[in-house]
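K.L.:
Structure incoming, see below.
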Amino acid sequence: MPPQLVGEWDGDGAGIRFDKIRFSADGGVALIFNSGSVLEGIAVADETSLILYAQGGPIHYRRWSVEAFEVGSGYTFENFVPGGVSYVRQASG
């Protein structure tokens, strides 16, 4: 698992499949819905593609990226973008 993916990411609400995604260093993934439902599985990632193996079949993203952005006053956030949708987390501040 690429280290920049490890941790919890919050969905931006626009076109996302899951409300949150949590990656663990050992390759585990939790797909979390606002309803409280959680699908657990395995994530396989390389430098460009990502596959989430969970109930309902594999979900393949051909491209993903993580980019940091500052919002001022010492706060930095990161965007995780799999396949054109966006998830965010606070990195510092």
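The values are calculated or read from the model by the stated rules, or taken from the named source; none is laboratory data. Quick caveat, the model's predicted, so the values are computed rather than measured. Here Cβ is always computed from backbone atoms with ideal geometry, including for glycine, and neighbour counts include all displayed protein chains. Just the protein is used for accessible areas: all its heavy atoms, side chains included, with ligands, DNA and RNA removed. Shrake-Rupley method; radii C 1.70, N 1.55, O 1.52, S 1.80 Å.
K.L.:
When both residues are 6+ apart or on different chains and their Cβ atoms are under 6 Å apart, which pairs have a first residue that lies in the range 12-36 and is closer than 15 Å to ASN79 by Cα, and a second that is surrounded by fewer than 17 Cβ atoms within 10 Å (Cβ to Cβ) and polar (S, T, N, Q)?
P.N.:
Going by the 6 Å Cβ cut-off, the qualifying pairs are ASP19/ASN34.
K.L.:
I need every pair where a residue in the range 65-93 that is over 12 Å from TRP9 (Cβ atoms) has its Cβ under 7 Å from the Cβ of a residue that is surrounded by 14 or more Cβ atoms within 10 Å (Cβ to Cβ) and among the hydrophobic types (A, V, I, L, M, F, W, C), sequence separation at least 6 or different chains.
P.N.:
Matching pairs, first to second residue: SER65/VAL81; ALA68/ALA91; PHE69/PHE77; VAL71/PHE77; THR76/ALA91.
K.L.:
In this structure, does ASP46 turn out to be open to solvent by 30 Å² or more (accessible area, probe 1.4 Å) and farther than 14 Å from GLN4 by Cβ?
P.N.:
The answer is no for ASP46.
Results for (1) within 17 Å of ARG89 (Cα to Cα); (2) touching a Gly at 6+ places or on another chain (Cβ under 7 Å), shown as yes or no for each residue.
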{"position": "MET1", "(1), (2)": "no, yes"}
{"position": "GLY13", "(1), (2)": "yes, no"}
{"position": "ASP19", "(1), (2)": "yes, yes"}
{"position": "PHE33", "(1), (2)": "yes, no"}
{"position": "ALA45", "(1), (2)": "no, no"}
{"position": "ILE59", "(1), (2)": "no, no"}
{"position": "ARG63", "(1), (2)": "no, yes"}
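K.L.:
If SER92 satisfies all but one of (1) open to solvent by less than 80 Å² (accessible area, probe 1.4 Å); (2) modelled with pLDDT under 95; (3) on the phi > 0 side of the Ramachandran plot; (4) not aliphatic (A, V, I, L, M), what's the number of the condition it fails?
P.N.:
Here SER92 clears every test but (3).
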